[in-house]
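The values are calculated or read from the model by the stated rules, or taken from the named source; none is laboratory data. Computed from a predicted model, the values in this text were never measured in an experiment. Positions of Cβ are backbone-derived with ideal geometry, glycine not excepted, and every protein chain shown enters the neighbour counts.
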Amino acid sequence: MGWKGVLGFDYGVVQAPLGPDISGPELAAAVANAGAIGLLRLPDWPAPDHVRGLIQRTRSLTEKPFGAAIVLAFPHEENLRVVLEEKLAVLQVYWGEFPKERVDEAHRAGVKVLHQVGNLEEAAKAKEAGVDGIIVQGREAGGHVIGQV
């Protein structure tokens, strides 16, 4: 089935959620328009109005599905609420735990969840939580590196 079957995108290519100043509406929309998984990188601080604006701007640039990425180690509750209210196609979470209750909440909103992990223990927790996909990051990744393998 692969990425397309689970998430509904044309291609199983995921655009990494680079810094919020890089992975904005223009990049996420361009990736989505190409049929891949475009992700907005949401800010590391509560900014619900800004997040809603990013989503609306992205929607003005594409009719294709796209998602957003949240770093769980930073304050994220208000931004997460907006993602669920706006019913994005996919939410990528990383650098923290996203328990079953949160995954279920996302699923009720129609949002698929990808959890990026850095080791087998985190992958097992993400699977138990019921995420739709797991991204395993190695230590060669840039930015918020969690993997050491």
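General remarks:
- Across the range 91-124, the qualifying residues are those that are farther than 16 Å from VAL71 by Cβ, of a type in the set (A, V, I, L, M, F, W, C) and modelled with pLDDT under 95, and the one among them that is surrounded by the most Cβ atoms within 10 Å (Cβ to Cβ) is ALA123.
- Within the range 99-116, being within 19 Å of LEU42 (Cβ to Cβ) and touching a Lys or Arg at 6+ places or on another chain (Cβ under 9 Å) holds for ALA106, ALA109, GLY110, VAL111, VAL113, HIS115.
- Flag if GLN92 is touching a residue at least 24 places away in the same chain (Cβ under 8 Å), in contact with a Phe, Trp or Tyr (Cβ under 7 Å, 6 or more places away or on another chain) and either part of a loop (DSSP other than H, G, I, E, B) or closer than 18 Å to GLY133 by Cβ (or both): no
- Test: residue in the range 59-73 that is of a type in the set (Lys, Arg) and under 13 Å from the mean Cα position of the chain (by Cα): no
- Residue list for the range 34-75, restricted to those being assigned to a loop (DSSP other than H, G, I, E, B) and either surrounded by 22 or more Cβ atoms within 10 Å (Cβ to Cβ) or small (Gly, Ala, Ser) (or both): ALA34, GLY35, ALA36, GLY38, LEU42, ALA47, PHE66, ALA73
- For the range 105-140, a tally of residues being part of a helix (DSSP H, G or I), small (Gly, Ala, Ser) and either within 11 Å of GLN92 (Cβ to Cβ) or free of Cβ contacts under 8 Å to residues at least 24 places away in the same chain (or both) returns 3.
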